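Read-outs throughout are calculated quantities, based only on the coordinates presented, and are distinct from any laboratory measurement. A quick note: this is a predicted structure, and the numbers were derived from the prediction, not measured. Note: ideal-geometry Cβ built from the backbone for every residue, glycine included; neighbour counts use all protein chains shown.
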Amino acid sequence: MEEEASEEEIRKTASQWKHGNHSGEPGLRWLTKFFNNITRSATIPEAWRDSIIVPIFKRKGDVMDCTNYRGIKLI
């Protein structure tokens with residue numbers, strides 16, 4: 001069995017994400033517990049199995065160009 005991730009490891013990983021793409025310090029403890037629970041149980045939450053992907057405009061370029069959108073998965 002693998003060792004559980006620490007809050008510091010999660011913090012280091014989150015610091016590499018683009019600004020605005022993470023929950024910040026208040027969500028760090030929750031994210032660490034959540035990640036470790038998934039790792040320990042080796043299962044993905046049931047709710048993640050049903051979702052839709054919604055295109056979000058990147059706010060730059062031509063709105064008619066599909067490469068100027070990114071997908072957001074709504075669970």
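Ignoring the sites themselves, the chain has its longest run without trypsin sites (Lys or Arg not before Pro) in a DSSP loop having at most 16 other Cβ atoms within 10 Å at 19-57. Neighbours of Ala5 by Cβ distance under 11 Å: Lys/Arg scored +1, Asp/Glu scored -1, total -2. Here the extension length gained between Tyr69 and Arg49 equals 4.9 nm, from 0.36 nm per residue of separation less the Cα-Cα distance. Scanning the chain for GluC sites (Glu not before Pro) in DSSP loops with at most 15 neighbouring Cβ atoms within 10 Å leaves 5-75 as the longest stretch between them.
To the nearest ten degrees, helix 28-41 and the longest principal axis of the Cα atoms of the chain are 70 degrees apart.
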